[in-house]
């Protein structure tokens, strides 16, 4: 297995797009997979491949308003979950962001996505702000009216 972390190519992006259910269990996140993450933020879009097959990916970018990096999406094929690939991508992105002067990373997830909340906590991300729901702080209307979110943050040392 070639488990190197490399920048996402057009063919990688197309494969992720066409096989989205293998990563997310459905196509519910397809609208979040905008091609700008390849064309405009390609230097911060990373994949892990097994031969020619993408088995994990992370789309992130460096914020324009401060020394913050943001992780937009991270996906691991169902057949490759719980093997540390998501954690490796996060650590790679943290190193990338740190080399570009960022002092923290942020990510969000929905309050209902307990798997994502547990993952983020396990890799050292801290939920911030908001009122506690089921023990996790939730930011009301963060993603728009009626669209609450859990906001995570982690300092880069």
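The values are calculated or read from the model by the stated rules, or taken from the named source; none is laboratory data. What you see is a predicted model, and the numbers here were worked out from it, not measured in a lab. Ideal geometry is used to build each Cβ from the backbone, glycine not excepted, and the neighbour counts take in all protein chains shown.
Would you check if there is a residue in the range 120-135 being modelled with pLDDT under 95, under 13 Å from the mean Cα position of the chain (by Cα), assigned to a helix (DSSP H, G or I) and over 19 Å from residue 37 (Cβ atoms)? There is at least one residue in the range 120-135 that is modelled with pLDDT under 95, under 13 Å from the mean Cα position of the chain (by Cα), assigned to a helix (DSSP H, G or I) and over 19 Å from residue 37 (Cβ atoms).
Residue 79 meets each of the listed conditions (1) assigned to a helix (DSSP H, G or I); (2) crowded, with 22+ Cβ neighbours inside 10 Å apart from (2).
Look through the range 4-25, keep the residues that are in contact with a helix residue (DSSP H, G or I) (Cβ under 8 Å, 6 or more places away or on another chain) and farther than 27 Å from residue 63 by Cα, and return whichever of them is modelled with the highest pLDDT. The selected residue is 22. Pairing residues of the range 60-74 that are within 10 Å of residue 94 (Cα to Cα) with residues that are surrounded by fewer than 14 Cβ atoms within 10 Å (Cβ to Cβ), at Cβ distances under 8 Å and at least 6 apart in sequence or on separate chains, gives 69/100.
Among the residues of the range 83-97, is there at least one that is in the same structural domain as residue 33 (by TED's automatic domain parsing) and assigned to a loop (DSSP other than H, G, I, E, B)? Yes - at least one qualifying residue is present in the range 83-97. Selection within the range 100-119: residues that are over 15 Å from the mean Cα position of the chain (by Cα) and either in contact (Cβ under 8 Å) with a residue 24 or more places away in the chain or under 17 Å from residue 87 (Cβ atoms) (or both). The member of this set that is surrounded by the most Cβ atoms within 10 Å (Cβ to Cβ) is 102.
Within the range 1-54, restricting attention to residues that are touching a strand residue (DSSP E or B) at 6+ places or on another chain (Cβ under 6 Å), without any contact (Cβ under 8 Å) to a residue 40 or more places away in the chain and not in a helix (DSSP H, G or I), which residue is surrounded by the most Cβ atoms within 10 Å (Cβ to Cβ)? Taking the candidates together, the pick is 45.
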